[in-house]
Amino acid sequence: MSMSSSRYLHIIIALIFFSIIPFKSEGQFHDWCIADEQTPDDELVQALKWACENGANCTKIQENQPCYLPNTVRGHASYAFNSYYQNMKQKGASCYFNSAALLTAKDPSHDACKFEVIP
């Protein structure tokens, strides 16, 4: 096989390889930031307060709002963590909250409570 034939073969193989790998298109994959089930409530309360004071929109977890129920620290923390993460991830924020949170590909929205996702 000549050098030019070998080069073309490598190019064809590369093209085939890259054509069968799915590329991530904008909006195809989403992630949400939620409270880790193993985190104690007292740690979640601290992280929840921090998130609400630093970029999360916590109005929907107030009484008589769509995400108030279930009225649990974990439920409210998950909403606040996700709100902060979605609002601030373009500025380099992470879903960490001192190990109190984690990312999930499963939409945590429930009933009338919709967890925002920003691509």
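The values are calculated or read from the model by the stated rules, or taken from the named source; none is laboratory data. Predicted model, so just to flag it, every value in this text is computed and none were measured. Accessible surface is based on the protein model in full, side chains and every heavy atom, while ligands, DNA and RNA are left aside. Shrake-Rupley method; radii C 1.70, N 1.55, O 1.52, S 1.80 Å.
Checking the cross-link filter: which lysines have an alpha carbon closer than 17 Å to that of LYS114, excluding same-chain neighbours under 8 positions apart?
The reachable lysines, counting only those whose Cα sits under 17 Å from LYS114, are LYS60, LYS106.
Using modelled backbone amide H atoms (1.01 Å from N, in-plane), which distant-in-sequence or interchain residues come within less than 5 Å of HIS30's amide H?
Sorted by chain and number, the residues that satisfy this come to none at all.
Would you work out the relative contact order for the stretch 65-115, in percent, from Cα pairs under 8 angstrom that are 6 or more residues apart?
Values: 28 pairs, mean separation 19.1, N = 51.
The value is 37 percent.
Kirkwood hydrodynamic radius (Cα pairs, Å) of the stretch 43-119? It would help to have the intermediate numbers written out before the result.
Numbers: mean 1/r = 0.0809 Å⁻¹.
One over the average 1/r among Cα pairs gives 12.4 Å for the stretch 43-119.
What is the percent carbon and sulfur in the accessible area of the stretch 25-105, measuring with a 1.4 Å probe over the protein chains and ignoring ligands?
Details: 2260 of 4770 Å².
The value for the stretch 25-105 is 47 percent carbon and sulfur by accessible area.
Could you run the Karplus curve 6.51 cos²θ - 1.76 cosθ + 1.60 with θ = phi - 60° over the stretch 83-88 and give me ³J(HN,Hα) per residue in whole Hz, x for Gly and Pro?
4, 4, 4, 5, 6, 10
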